[in-house]
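Inspection log for the structure reproduced underneath, given as structure tokens.
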Amino acid sequence: MAKIFDVPADDLISKLTDQLKKDKKINPPEWASYVKTGPHVEKIPQSKDWWYTRCASLVRKVYLHGPIGISDLKSYYGGRKRIGYNLDHHKDAGGAIIRKALQQLEASGYVEKKSKGRMISNEGMKKVDRLATEIFKETSKRNKDLERYA
């Protein structure tokens, strides 16, 4: 069985995005179409499905780095902000987006809250590992050198 470490991140996030769209407990809030993802960006996200993509990315980050808190995730999703003529400074991402997405992922069973932050749940680990196995089989069919690892 392939793990999350064995597949490319963009393939996993795109497949997990499709899987999260089918989940009834994960829905973008009404304010999601009007907000920026942080003070370092200039415009709102251009993709209509950005909420599901962010949730899928959060599942991956929590899987890799868990237990992890919201402040660490704000730092991961932050970026560079130009302040006048000075050098760029790091700005953290918005916390409400991350917090609300994690709450929906908890309700859906992907993530659970521990004393030191959020961690991937057993059910969430099973779902993500099954998805990673499917992706690995698809990529091993395209790339014959990977077949021996499948």
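Of the residues that sit in region 114-146 and are among the polar types (S, T, N, Q) and under 18 Å from ASP6 (Cα atoms), which one is modelled with the highest pLDDT? The selected residue is THR133. For region 101-119, taking the residues that are aliphatic (A, V, I, L, M) and farther than 10 Å from LEU58 by Cα, the one that is nearest to the chain's Cα centre (by Cα) is identified as MET119. In region 35-81, which residues are over 29 Å from LYS126 (Cα atoms) and without any contact (Cβ under 8 Å) to a residue 24 or more places away in the chain? Those that are over 29 Å from LYS126 (Cα atoms) and without any contact (Cβ under 8 Å) to a residue 24 or more places away in the chain: GLU42, LYS43, ILE44, PRO45, GLN46. Scanning region 56-75 for residues that are surrounded by 15 or more Cβ atoms within 10 Å (Cβ to Cβ) and among the hydroxyl-bearing types (Ser, Thr, Tyr), we see that the one that is farthest from the chain's Cα centre (by Cα) is TYR63. On the stretch given as region 82-140, residues that are in contact with a strand residue (DSSP E or B) (Cβ under 8 Å, 6 or more places away or on another chain), touching a residue at least 40 places away in the same chain (Cβ under 8 Å), open to solvent by 60 Å² or more (accessible area, probe 1.4 Å) and of a type in the set (D, E, K, R) total 1. Only residues that are of a type in the set (S, T, N, Q), within 22 Å of LEU131 (Cβ to Cβ) and modelled with pLDDT of 90 or more were counted across region 35-86, and they come to 2. Within region 19-33, restricting attention to residues that are over 17 Å from GLY95 (Cβ atoms) and without any contact (Cβ under 8 Å) to a residue 12 or more places away in the chain, the residue that is farthest from the chain's Cα centre (by Cα) is GLU30.
The values are calculated or read from the model by the stated rules, or taken from the named source; none is laboratory data. These figures come from a predicted structure and were not determined experimentally. Heads up, the Cβs are rebuilt from the backbone with ideal geometry, glycines too, and the neighbour counts pull from every protein chain shown. Heads up: the accessible areas ignore ligands, DNA and RNA and are worked out on the full protein's heavy atoms, side chains in. Shrake-Rupley method; radii C 1.70, N 1.55, O 1.52, S 1.80 Å.
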